[in-house]
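Shown next, in structure tokens, is the structure this report addresses.
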Amino acid sequence: MKKLADKLAHRREEGSLRKLILRPDLVDFFSNDYLGLARNRELYSLIESELSTQPGNINGATGSRLLSGNSAYVEDLELFFAKLFRSPKALLFNSGYSANLSILSAIPQKEDTIIYDELIHASLKDGARLSFAQRFSFKHNDLKDLEAKIQRAKGEVYVVVESVYSMDGDFAPLMEILELTIRYNAHLIVDEAHSTGVWGEKGNGMCCHLGIEEKIFARIYTFGKGMGAHGACIAGSELLIDFLINFARPFIYTTSLPLHCLVTLKVAFEYLEREISLQSKIRSKIHLFRTLVEGTESLSGMIQKSSSPIQVLRISGNETAKSTALTLQSKGFDVRAILSPTVKEGEERLRICLHIFNSDEEIERLVKTLVESL
């Protein structure tokens, strides 16, 4: 136990000790609920109405999908997602973390190679660690470094990227990365967590938005961000999905999602299809924020350019980042500091997330407060 206590003490000394906190009265500029669906009362009523019509185990799934947790509803939902994401098949998972862990721990085999962008999510890195394949990172969005790593790789090669990066808010150059993987006969895996709902026809993500979905080996869609729900799915070939059902341990040994989660997913995507203007509303909020920031000399050089809802203000040092976040919180804005080791030392930042429910006046006040606080 001394090792555990010492590790916590070290984390406390470096100012990066994580704690669970509640700040219910602040204006949300931090959550991933970009389209406001997690708090949408109309959607809530639609979900409850749909759930009330369903028979069977309405409170719990009772087991894993391979035991007692399968149902006609979940199989129909996977067909729904296969059509939505324009893929031969889709497989549901309990979370994006579980899906990411599954695909990289199960699919690449011994003597294969995983090459991943250095900024991919921790769940993908954990999945790669559990694989028997070799693994290497490449410099963020650096096509030359990626190509050099592919050229030295052995076996089947799997290239792993995110369409929108969660900590920087920037985009992967998907068209160029896809061209490289095709040239070298590598397999591209794209985590669509932060593009799901926000981009693509009916919210089906960046790959569908670009029209390249058929050329990608696997896409992971997470529903806890833009869709305001829970769970995830992997979209890909019949071979891919059948292999995951048989070899992905997080899928095999996890109690499946309860019916309420399944209903929420179906109704949320149906709602977004009817209210697709939510995508243009979030774009207008992003445009307003960028216009205000770029018109402010002190901020324009500190907040990196991003056309996603994730806006990043780099503030080096854990203590400086935390104190700036606390100042904003004291002014009524829920903005959180992202500290090392979550990000590299020296790259600490404030992660500002924009939502359709943030009023123009709130965004204007946030920018004004940022200027006054820096």
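The values are calculated or read from the model by the stated rules, or taken from the named source; none is laboratory data. All figures in this text were calculated on a predicted structure; none of them were measured in a lab. Note that each Cβ is placed from the backbone with ideal geometry, even for glycine, and that neighbours are counted across all protein chains shown. The accessibility values were calculated without ligands, DNA or RNA, using every heavy atom of the protein model including side chains. Shrake-Rupley method; radii C 1.70, N 1.55, O 1.52, S 1.80 Å.
With (1) touching a Leu at 6+ places or on another chain (Cβ under 7 Å); (2) under 30 Å from ARG349 (Cβ atoms) as the list, and ILE58 as the residue in question, which single condition is left unmet?
(2)
What is the number of the single condition among (1) open to solvent by 70 Å² or more (accessible area, probe 1.4 Å); (2) more than 23 Å from the chain's Cα centre (by Cα) that LEU26 does not meet?
With respect to (1) open to solvent by 70 Å² or more (accessible area, probe 1.4 Å); (2) more than 23 Å from the chain's Cα centre (by Cα), LEU26 is out only on (1).
Determine which member of the set LEU35, LEU91, LEU77 is in contact with a Cys (Cβ under 7 Å, 6 or more places away or on another chain) and within 21 Å of LEU265 (Cα to Cα).
LEU91
Among the residues in the stretch 233-256, are any over 17 Å from GLY200 (Cα atoms), among the aliphatic types (A, V, I, L, M), buried (at least 20 other Cβ atoms within 10 Å of the Cβ) and more than 22 Å from the chain's Cα centre (by Cα)?
The answer is no, given that none of the residues of the stretch 233-256 is over 17 Å from GLY200 (Cα atoms), among the aliphatic types (A, V, I, L, M), buried (at least 20 other Cβ atoms within 10 Å of the Cβ) and more than 22 Å from the chain's Cα centre (by Cα).
Can you name the residue in the stretch 40-67 that is open to solvent by less than 60 Å² (accessible area, probe 1.4 Å) and polar (S, T, N, Q) and is also farthest from the chain's Cα centre (by Cα) among such residues?
GLN54
Where residues in the stretch 158-179 are within 11 Å of the chain's Cα centre (by Cα) and of a type outside the set (Phe, Trp, Tyr), which of them is surrounded by the most Cβ atoms within 10 Å (Cβ to Cβ)?
GLU162
I'd like to check which strands (runs of 3 or more DSSP E) are fully inside the stretch 258-374 and have at least 3 residues that are of a type outside the set (Gly, Ala, Ser) and either closer than 30 Å to HIS10 by Cβ or open to solvent by 40 Å² or more (accessible area, probe 1.4 Å) (or both).
Where strands (runs of 3 or more DSSP E) fall fully within the stretch 258-374 and carry at least 3 residues being of a type outside the set (Gly, Ala, Ser) and either closer than 30 Å to HIS10 by Cβ or open to solvent by 40 Å² or more (accessible area, probe 1.4 Å) (or both), they are 310-314, 349-353.
Does at least one position in the stretch 196-204 carry a residue that is of a type in the set (D, E, K, R) and not in a loop (DSSP other than H, G, I, E, B)?
Looking for residues that are of a type in the set (D, E, K, R) and not in a loop (DSSP other than H, G, I, E, B), one finds at least one in the stretch 196-204, hence yes.
Among the numbered conditions (1) open to solvent by 70 Å² or more (accessible area, probe 1.4 Å); (2) within 18 Å of GLY231 (Cα to Cα); (3) among the charged types (D, E, K, R), tell me where LYS19 comes up short.
(2)
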